[in-house]
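Each remark here refers to the structure printed beneath this line.
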Amino acid sequence: MASADRSELVCRVALLTIVTSGADVMTSPLQAVGFMVGDGGPVVYLAAGRGGERRALVKLLREARGWDLLVTWGGEIVQFISSRALHHELDIIPLHEVMHFDLRRYVGERLGLSGRELAEVAEFLHAGGGRNSRMDVRRRCLTDLKLLHGVFTRLKPLLRWTNPELAL
């Protein structure tokens, strides 16, 4: 009996974060979008300059085609990206073909850590340090990715047990 190709059984998990100029999706463009796939290195697309936001979104949406699971700290990240991409008349379907998992919601519901910031939860779980609000955009995005990765990695055994549909 031939063995199955295990590469088809691997779930490509992407951790995603953004940096914006504010909370209002209509008036606050993206400043940066960052992601990590599996244990690979972080990728950050800066949205600086004329047309920078659109270019960053095009790259992100192209990358999303290869993902199976998208992990964020807050579901509004997907909403924000979708709205900004639609503003630029981009196809958002690749982002919505990926299963989405909101880690902030999970730690709120499962661990009673509702309303906590990513840096607080990471520190509490011994999964990384805090974040300085005075960091530049790129460093903020990289730091948030590192914290998200730390929390996700720390909780992965529990996620496997409580959410087998994620195929971690």
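Rule-based calculations on the coordinates, nothing more; no lab input. All values derive from a computational prediction rather than experimental measurement. No Cβ is skipped: glycine too gets one built from the backbone with ideal geometry, and neighbour counts run over all protein chains shown.
Within 14 Å, Cβ to Cβ, of Thr27, how many net charges do the neighbouring residues add up to if Lys/Arg are +1 and Asp/Glu are -1?
Neighbourhood net charge equals -1.
By counting other Cβ atoms within 10 Å of each Cβ, how are Cys141, Cys11 ranked from fewest to most?
Result, fewest neighbours first: Cys11, Cys141.
Order of Thr17, Thr143 from fewest to most other C-beta atoms within 10 Å?
Thr143, Thr17
Among DSSP beta bridges lying fully in the range 1-113, give the percent that are antiparallel, nearest 5.
Antiparallel: roughly 60 percent of the beta bridges in the range 1-113.
If we count other beta carbons within 10 Å of each Cβ, what is the order of Val25, Val107, Val33, fewest first?
Final ranking by Cβ density, sparse to dense: Val25, Val107, Val33.
With the Cα gyration tensor of the range 17-104 giving a ≥ b ≥ c as the square roots of its eigenvalues, does the rule (a/c under 1.5 for rounded; else a/b larger than b/c for prolate; else oblate) give rounded, prolate or oblate?
It is rounded, given that a/c, with a ≥ b ≥ c, falls under 1.5.
Assigning unit charges at the beta carbon (Lys, Arg +1; Asp, Glu -1) and nothing else, what dipole magnitude in debye, to the nearest 20, does the chain show about its Cα centre?
Dipole of the chain, to the nearest 20 debye: 480 debye.
From the Cα gyration tensor of the chain, with a ≥ b ≥ c the square roots of its eigenvalues, which class applies: rounded if a/c is under 1.5, or else prolate if a/b is larger than b/c, or else oblate?
In terms of gyration-tensor shape, oblate.
Tell me which of Gly115, Ile92, Ala56 sits at the most positive position along the dipole axis of the range 38-168, charges placed on C-beta atoms (Lys, Arg +1; Asp, Glu -1).
Ala56
Once you charge only the Cβ atoms, +1 for Lys and Arg and -1 for Asp and Glu, what is the size of the charge dipole of the range 37-85 about its Cα centre, to the nearest 20 debye?
380 debye
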